[in-house]
Amino acid sequence: MTAENRTPAFLGCGHERQRTGMKRLLIISSEHTGHGHKSIAQALVDQFETYGGEFHVKVVNGFELNGPLGTFIERRYKFTVTYLRPVWNILYYLFGKFAHTQNKLTAFTMKKRFMELLQSYRPDAIISVHPGYTGSVVRVMEKYGVKLPLYIILADLVDLARLWAEPKAEVTICPTEESAHAMRKMGVPEEKLWLSGFPVRRAFATPIKSEEELRRVTLNKRELSILIINNSEKIKRIAYITDTMLQRYPCSVTVICARDELMYKFLKARYKGREERVTVLGYTTNMQDYLLSHDIAVTRCGPNTMLEAVNCLTPIVSMGALPGQERDNPLYMEKHNLGLQTADTDDIFKKIDELLKDNRKKLLEIRLSQFRYYGRNASEKIAAYLAERIRNQPPVPSKEKQACEVN
């Protein structure tokens, strides 16, 4: 594997870049607008690593291409979605209504750094996993006469920002039929859509190989373990949920606070002396181990966390969803019987009761639905699809591959 350190978001795979015939893929992602975009990029890198050095992958944080302004905007995302959700809902509406203007502004502030990146890396294809870098990327390439294929991988399941829709992209890869329908309505031609499932990292894979084994494992387990995953939640809410679970069920609880250091310190102090029942963790790089080892995951219905849980066959009890791009995710989850949505915080416990009654009947039903879900193990399919298309595309003309000088 090669490694470069131009930006903190870099990930590489393959052998030496100069190796004859190696295809270079540039992925545009983000670092601090939720974990989903970054996770999709990592899932693709994981898969392309298995191609024996045929591909070299470079991942960049798109917001860094916009300079200090982009970094400022990106760093405000978490605070806004945690404490100012009505404001985020308004911003999401405005992003849709003025998508054309936003693409123009993004293109204007990124063009110099983006063209310098193309000139130094010389990719054969660009893959965007963030809506801010679809139409804006096309606009910059058209301005400078660069002819590179752009592939878009949607990071949302049902509710899609208009920024995702770019008819001039080579292909838009859709995780659900609902997302493909949204793209059609926004003007993306049918022949440029490909339905895949949602890509998650290879580590999120169950060892269970059959429905018979799944039934046996689910019904024979007697100890109850519940995983609470913080996705921009308030500290008091997570504490209340944890307290109530400890009182209501003979269970163990693991709380993953992610990057919320205040939450981590507060909960560590609150449950000091009760570590035999409560495990409090901060940011973790082995989320798959916790999903695979727990019976139920209680979390916000972000698409990445949802589908990681599905791939691990861990039923989800929803803590809600962000307004805007996640609004209908709980409905999608229930439609496919992948988990249970809730009306409010106290409804979480009623839904856990439902999962456990009649010897875990509903818990088993959901795990079986997850096992049968068409979107599991999508990363491998997406990588194979992209590899085949990129292998067969015409060679990038040297003029475009070298890119243009930016004055």
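The values are calculated or read from the model by the stated rules, or taken from the named source; none is laboratory data. Remember, predicted model here, so these are calculated numbers, not experimental data. We place every Cβ from the backbone using ideal geometry, glycine too, and count neighbours over all the protein chains shown.
Taking the criterion of being of a type outside the set (Asp, Glu) and in contact (Cβ under 8 Å) with a residue 60 or more places away in the chain, the residues of the range 98-119 that qualify are ALA99, GLN102, ASN103, LYS111, LYS112, MET115, LEU117, LEU118, GLN119. Regarding the range 107-116, can at least one residue be identified that is assigned to a helix (DSSP H, G or I), over 21 Å from the mean Cα position of the chain (by Cα), in the same structural domain as ILE390 (by TED's automatic domain parsing) and under 20 Å from VAL188 (Cβ atoms)? Yes, because at least one residue in the range 107-116 is assigned to a helix (DSSP H, G or I), over 21 Å from the mean Cα position of the chain (by Cα), in the same structural domain as ILE390 (by TED's automatic domain parsing) and under 20 Å from VAL188 (Cβ atoms). Among what's in the range 247-275 and is free of Cβ contacts under 8 Å to residues at least 12 places away in the same chain and over 21 Å from ILE352 (Cα atoms), pick the residue that is surrounded by the most Cβ atoms within 10 Å (Cβ to Cβ). In this case the residue turns out to be LYS265. Does any residue of the range 157-174 turn out to be touching a His at 6+ places or on another chain (Cβ under 9 Å), part of a loop (DSSP other than H, G, I, E, B) and either at pLDDT 95 or above or under 18 Å from SER39 (Cβ atoms) (or both)? The answer is no; no qualifying residue exists. Basic (Lys, Arg) and in contact with a helix residue (DSSP H, G or I) (Cβ under 7 Å, 6 or more places away or on another chain) - does that describe any residue in the range 286-307? Within the range 286-307, not a single residue is basic (Lys, Arg) and in contact with a helix residue (DSSP H, G or I) (Cβ under 7 Å, 6 or more places away or on another chain). Restricting attention to the range 304-321 and to residues that are among the hydrophobic types (A, V, I, L, M, F, W, C) and in a loop (DSSP other than H, G, I, E, B), the residue that is nearest to VAL129 (Cα to Cα) turns out to be ALA321. Residues being modelled with pLDDT of 95 or more and farther than 23 Å from THR305 by Cα are entirely absent from the range 194-208. If you go through the range 115-142 and keep only what is touching a Lys or Arg at 6+ places or on another chain (Cβ under 9 Å), closer than 13 Å to ALA169 by Cβ and among the small types (Gly, Ala, Ser), you end up with ALA125, GLY135, SER136. The criterion of being within 19 Å of GLN370 (Cα to Cα), touching a Leu at 6+ places or on another chain (Cβ under 6 Å) and in the same structural domain as THR345 (by TED's automatic domain parsing) holds for THR218.
With a requirement of 2 or more residues that are hydroxyl-bearing (Ser, Thr, Tyr), the strands (runs of 3 or more DSSP E) lying completely within the range 205-301 that satisfy it span 251-256.
Restricting attention to the range 326-339, does a residue exist that is within 19 Å of the chain's Cα centre (by Cα), within 22 Å of ARG259 (Cα to Cα) and not aromatic (Phe, Trp, Tyr)? Yes: the range 326-339 contains one or more residues that are within 19 Å of the chain's Cα centre (by Cα), within 22 Å of ARG259 (Cα to Cα) and not aromatic (Phe, Trp, Tyr). Scanning the range 323-363 for residues that are among the aliphatic types (A, V, I, L, M) and either buried (at least 19 other Cβ atoms within 10 Å of the Cβ) or closer than 23 Å to GLU177 by Cα (or both) gives LEU331, MET333, LEU338, LEU340, ILE348, ILE352, LEU355, LEU363.
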